[in-house]
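Asks: Right, I'll just put the structure down here and ask away after.
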Amino acid sequence: MRYRHPDRDQIRVDGVLSALGHPVRLAAVRVLDAGGEHNCGSVLAELGITAKSSMTHHWRVLRESGVILQEPSGRENLLTLRRDDLDARYPGLLDAVLAGARTDEADS
């Protein structure tokens, strides 16, 4: 199975902000921001989510908005944050959102 990902020039700020506006998706992006490829299971474990099916919708939203790459690898999917594409398209946006998430976490 191959997933459809938007090209860099097809990424839209409203889609990115909408995708990042959900707490679970934002938490997943924070995990992916560590860099490299992550399998779905490792991200779910870090988030404390036990059912893969509960994330299917969230992965699709992040993928279709251009925030992540999702590539099949055997029985798993590998996830990568599209930081280079997001930084090229909207410089500083991802850093600002992630910094805001860290601030919110520290305040709670």
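Please treat every number below as a calculation from the coordinates, not as lab data. Note that the structure is predicted; figures quoted are calculated from it, not measured. Using ideal geometry, Cβ is built from the backbone for each residue, glycine included, and neighbour counts are taken over all protein chains shown.
Asks: Taking R0 as 22 Å, what FRET efficiency do you get between residue 73 and residue 8 from their Cβ-Cβ distance, rounded to the nearest 0.05?
Replies: So the FRET efficiency works out to roughly 0.45.
Asks: Another question about this same structure. Just the Cα atoms of the chain: what Rg and Dmax do they give in Å?
Replies: 13.2, 42
Asks: Let me know the charge dipole size of the stretch 11-57 about its Cα centre in debye, to the nearest 20, where only the beta-carbon of Lys, Arg (+1) and Asp, Glu (-1) is charged.
Replies: Working: 4 positive and 4 negative charges, 25 e Å.
Computed about the Cα centre, the dipole is about 120 debye.
Asks: Once the piece of chain linking residue 93 and residue 53 is laid out straight, how much longer is it, given 0.36 nm per residue of separation minus the C-alpha distance between them?
Replies: 11.5 nm
Asks: How much mean residue ellipticity at 222 nm does the chain get from its helices, if each DSSP H run of length 4 or more adds -39500 (n - 2.57) and you divide by all residues, to the nearest 500 deg cm²/dmol?
Replies: -15500 deg cm²/dmol
Asks: Let's see if you can work this out: charge +1 on each Lys and Arg Cβ, -1 on each Asp and Glu Cβ, no other charges. What is the dipole magnitude of the chain about its Cα centre, in debye to the nearest 20?
Replies: In total the dipole reaches around 420 debye.
Asks: Amide H of residue 39: which non-local residues (sequence gap of 5 or more, or other chain) have their own amide H closer than 5 Å, using H built in the peptide plane?
Replies: 79
Asks: Follow-up question, since we're still on this one. Out of 75, 12, 63, any idea which swings most in a Gaussian network model of the chain, alpha carbons joined below 10 Å?
Replies: 75
Asks: Further, regarding this structure: So, R0 is 25 Å and r is the distance between the beta-carbons of residue 105 and residue 37; what FRET efficiency does that work out to, to 0.05?
Replies: In this case the efficiency is close to 0.50.
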